[in-house]
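Written out below as structure tokens is the structure these notes cover.
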Amino acid sequence: MAANKSLLNLARTHFSYEKTINWFPGHMAKGIKQMQDQLRAVDLIVETRDARIPLSSINPQFERIIGGKTRLVVYNKADLAPSEIQHTVREEMAKRNQNVVFTDTLSSGSVKQVLNYAVNIAKGDYVRYPQFSVMVVGMPNVGKSSLINALRRIGIRRGKAASTGAKPGVTRAMSSKIKVLESPPVYLLDTPGVMMPHIPDPVTAIKVALTGMQQKNFQ
């Protein structure tokens, strides 16, 4: 017992890591400009985050871009995160006036939440929304394209429309409109994953790197 206590006393409680992430290639800057240019023509922003790192996958840049636009926060990859965190995350995001759903793109029921959210708004005013446009944004590798493909599969029973991959940065330009529902007509815009230009907090940087949002060869 005494030996175990001695080992515990020797264990580190603080881990020093001074490196920070700086990864903001040109296509991300271009993507932000495209988002800003298209914002007026968009009815809803779906901001996709990673349920495994609910706070670290928030990009403050989107706050500036989105402004007062209607937004739904989608915590994707919920199947890879403890379900117990969902209540806490919902409560915290409610304090920020953010509506939240959790999704697993292989689960039709969870993905339908996103579709239903858009449909409810569109059906509220057919004159204002002859066709409903949704822009999907998020950091790299949070599953934006997989979410779009799942919505398309469920909504109009069609195959993939957005390229996907295990590495960050597969989507490098804004897509043309992708139809995901016939009635009411709902269209999505896929956008490049956008990192924060600089992540000063090393713990956040490690979380972002470990969940695949960052290219492995960063300096």
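All of the numbers you see were taken from the coordinates with simple rules; none came from a lab. None of these values were measured; they are calculated from a predicted model. Using ideal geometry, Cβ is built from the backbone for each residue, glycine included, and neighbour counts are taken over all protein chains shown.
In whole Å, what are the extents of the stretch 98-166 along the principal axes defined by its C-alpha atoms, from largest to smallest?
That works out to 40, 30, 21 Å along the principal axes.
Which far-off residues, 5 or more places away or on another chain, put their amide H under 5 Å from the one on GLY138, with H placed in the peptide plane?
For GLY138, whose amide H was placed from the backbone, the distant partners under 5 Å are THR48, VAL194.
Which residues' amide hydrogens lie under 5 Å from the amide hydrogen of LYS179, considering only partners 5 or more residues apart or on another chain, with H built in the peptide plane?
Result for LYS179 returns LEU188.
Return the long-range amide H neighbours of THR103 (sequence gap of 5 or more, or a different chain), with a cut-off of under 5 Å between placed amide H atoms.
TYR75, ASN76, LYS77, ALA78
Which distance in nm do the two modelled labels at ARG40 and ASN99 give, with both placed 7 Å along the Cα-to-Cβ direction?
About 2.5 nm, to one decimal.
Extending each Cα 7 Å along its Cβ direction at LYS30 and LYS69, get the distance between those two points in nm, one decimal.
Output for this residue pair reads 1.9 nm.
I want to check the label-to-label distance for ASN120 and ASP79. Put each point 7 Å from Cα in the C-beta direction and report it in nm to one decimal.
It works out to 2.5 nm between the two label points.
Would you kindly calculate the translational diffusion coefficient of the stretch 45-160, applying Stokes-Einstein with the Kirkwood radius from alpha carbon pairs, for 37 °C and a viscosity of 0.692 mPa s, and quote it in µm² s⁻¹ without decimals?
It comes out at roughly 224 µm²/s.
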